[in-house]
1. Under the rule of -39500 (n - 2.57) per DSSP H run of 4 or more residues, summed and divided by the residues of the chain, what mean residue ellipticity at 222 nm is obtained, to the nearest 500 deg cm²/dmol?
2. Multiply the residue separation of residue 203 and residue 238 by 0.36 nm, subtract the distance between their alpha-carbon atoms, and state the gained length in nm to one decimal.
3. Order these by the 10 Å Cβ neighbour count, fewest first: 255, 452, 68.
4. Which whole-number percentage describes the relative contact order of the range 340-467, with Cα contacts under 8 Å and a sequence gap of 6 or more?
5. When every alpha-carbon pair in the chain is counted, what percent end up more than 39 Å apart?
6. Take each of the peptides 273-283, 79-89, average the number of other beta-carbon atoms within 10 Å over its residues, and list them starting from the highest.
7. Going by how many other beta carbons lie within 10 Å of each one, how would you line up 45, 100, 259, fewest first?
8. Helix 310-321 versus the longest principal axis of the chain: what angle, 0 to 90°, nearest 10, using Cα atoms?
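No value in this document is a laboratory result; all are computed from the given coordinates. Just so you know, these numbers come straight off a predicted model, no measurement behind them. Here the Cβ positions follow ideal geometry from the backbone for every residue, glycine too, while neighbour counts run over all protein chains shown.
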Ligand code: MN
Ligand code: MN
């Protein structure tokens, strides 16, 4: 089946809009390396676009009406934005969903230790990473430390020009004869991913030479944390600190057609989803929704994962503010909704062609990618979209001149994976997976095409208007 390269469709004016959108996205990426930062950046976009905080309206006696724009930030890690439609919420919403958590290394609750004169933070990786990729590259520390009195210390160390960075050391090739014989899975032990944070003891402390006992390098590192952030070692217990690649997303290629960045999975879908809803002007026919969720990379569990009730609860709050009757109104609103559940697709990579079935692979530059189903082996764990719904989506995309393609995640028996689609399908709504192709998915630095990002935005806007 022939698909035209999306770049061939652009005249000068569209290319300029594409470039501006890609630059906005790059800036978003740089300020949104964690789910908390992404939720905060999303809130700033929504507020600037005239959305009001739903939590301020709940219980205030206020009512919502068509054209109103509201948002909700859930536990600082999820974000929802709605534009109220002209027709009843019971008729269903047009929903764009994506996730804002990304694979990374989390700092353990009791992380600080010293070994042979080096101070480290012990880590526990989050999501599917290839551990060897995280060695010997500059890393930054992002997150929050919540003190016992509720005070929150926000950290983002390793991003500013003169910030220090951190790293996990690797073995020199000269001495890796034994290690080279190991499989990739055994190459680096998860427990060996220790972040190097210091090497100098405090100067002139007047102590005797009993350093081994006192762990002076660890003490010096903790003293800096105490002085700079007012935190104690015990405060790590109530911290969420994430280790991510340090540095900014960059244009890639002489032609600047791609972006190399951390966390395209899944901010490359989350950002255009939110923008499509925020950029919508006026009153839509159906209520519009963007939901940016957390914990997708570890199975969508927990109070901020798509498997929790926060989404349904928020729709129930909307229903109440719109004067809808009881639980049947909420059930109808969910059941009659149509959704694009967006997550990145594995972009076909000529370097690893063997794991793909080429005619059903996601190709960079062919536009936004629809997956009728995902899953593993015999479609296990998949939400398989109905043919009737796929046909409706095809028509909308073609009518709007969107460059789009379809794909499966690799060869039938090569592996597999899942998204949040099946969790939304529990409400009996029509939902299909779609997203942007990525090279080096889950690596510290992933690659996307600006054309695919742009086509995703166009696809989302068309869906909100026409679905
Ligand atoms: Mn994903
Ligand atoms: Mn992922």
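1. Per the formula, -8500 deg cm²/dmol.
2. Between residue 203 and residue 238, full extension yields an extra 9.6 nm.
3. 255, 68, 452
4. Relative CO of the range 340-467 lands at 39 percent.
5. For the chain, the share of Cα pairs beyond 39 Å comes to 26 percent.
6. Final packing ranking: 79-89, 273-283.
7. 45, 259, 100
8. So the inclination is approximately 50 degrees.
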